[in-house]
1. Assess whether residue 199 counts as being within 24 Å of residue 218 (Cβ to Cβ), touching a residue at least 24 places away in the same chain (Cβ under 8 Å) and part of a loop (DSSP other than H, G, I, E, B).
2. Inside segment 8-104, counting only helices (runs of 4 or more DSSP H) that do not spill past its ends, which hold 3 or more residues that are modelled with pLDDT under 95 and either assigned by the TED database to the domain that holds residue 273 or within 16 Å of residue 297 (Cβ to Cβ) (or both)?
3. Output the residues belonging to segment 39-57 that are over 20 Å from residue 103 (Cβ atoms) and either touching a strand residue (DSSP E or B) at 6+ places or on another chain (Cβ under 8 Å) or crowded, with 20+ Cβ neighbours inside 10 Å (or both).
4. Across segment 219-258, which residue is surrounded by the most Cβ atoms within 10 Å (Cβ to Cβ) among those that are out of contact with any helix residue (DSSP H, G or I) (no Cβ under 9 Å at 6 or more places or on another chain) and part of a helix (DSSP H, G or I)?
5. Is it true that some residue in segment 140-151 is farther than 17 Å from residue 209 by Cα, surrounded by fewer than 19 Cβ atoms within 10 Å (Cβ to Cβ), touching a helix residue (DSSP H, G or I) at 6+ places or on another chain (Cβ under 6 Å) and without any contact (Cβ under 8 Å) to a residue 60 or more places away in the chain?
6. Among the residues of segment 144-163, is any assigned to a strand (DSSP E or B) and either modelled with pLDDT under 95 or within 12 Å of residue 133 (Cα to Cα) (or both)?
7. Restrict the check to segment 167-188 and report whether at least one residue is crowded, with 21+ Cβ neighbours inside 10 Å, under 15 Å from residue 199 (Cα atoms) and in contact (Cβ under 8 Å) with a residue 60 or more places away in the chain.
8. In segment 202-218, what count of residues is obtained for those that are surrounded by 23 or more Cβ atoms within 10 Å (Cβ to Cβ) and either farther than 20 Å from residue 97 by Cβ or in contact with a strand residue (DSSP E or B) (Cβ under 8 Å, 6 or more places away or on another chain) (or both)?
């Protein structure tokens, strides 16, 4: 495996591929002197989070030769913390999401075998919550669906899932199932008030990885996802008035997992995504290109193209 992304732009129509022209040139400018990437034009502080989305995006659009691979590798390992986790940059406090990004980036750069998998696994396990699920970092007190997904997925990538005992897995599945709301979606944590698409996708994929997906009412979840759709696309929660690319990504991935992607119009949703394309290339929620949202946009359009 040389990437977590299992999609390429070759799956898109020639017309859609043409829409992505210039994305590689634009985003190669976001790589900094330390080898890492910033998320947007004008920023100067590299972040492992954006670096992960950068290399995955470049692989997806088949432009990775435009990257400084050696520089990215150096940046990746500079983010590694002696306790086994990764932070967003050198000497930054390690957390779950950046540890996942570190693992994912190492796979994409071909440096996965250089990781101390035992140490990284120990760090991830240190973020287990007594009530099930995983914490965001060592300073957090409440597990969330989002951090739990990245904890479980990271251990899978490290081939260390066997370190999770049955009692914890049962608690984790119960924790996630209890986050499901009457609306059909999942909320972030017990303290959260409303469900949203990001946490719903996180919970769904975690339950899938744990082989517990059959313990929820999948139709109810599907209906929640569809209820988050407006004429302009997908919004993160029912009360939101704003659509965004992360919501498109989570909605389409959730419907794909639930084998219900045929319940939406692939062409209409693709057209809505193209409305987020910026004059400089790439995609963004606020009119300026963003690496993370560009990844979401392209990957989502590829998933939709498979439905046609």
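The values are calculated or read from the model by the stated rules, or taken from the named source; none is laboratory data. These numbers were taken from a predicted model, which means no experiment stands behind them. Cβ atoms come from the backbone with ideal geometry, glycine included; neighbour counts cover every protein chain shown.
1. Considered against the rule, which asks whether it is within 24 Å of residue 218 (Cβ to Cβ), touching a residue at least 24 places away in the same chain (Cβ under 8 Å) and part of a loop (DSSP other than H, G, I, E, B), residue 199 comes out as no.
2. 14-19, 23-28, 48-60
3. If we filter segment 39-57 for residues that are over 20 Å from residue 103 (Cβ atoms), which is where we start, we get 40-45.
Within segment 39-57, 40 is the sole residue that qualifies.
4. 223
5. no
6. For segment 144-163, residues assigned to a strand (DSSP E or B) and either modelled with pLDDT under 95 or within 12 Å of residue 133 (Cα to Cα) (or both): present.
7. no
8. Total satisfying the criteria: 3.
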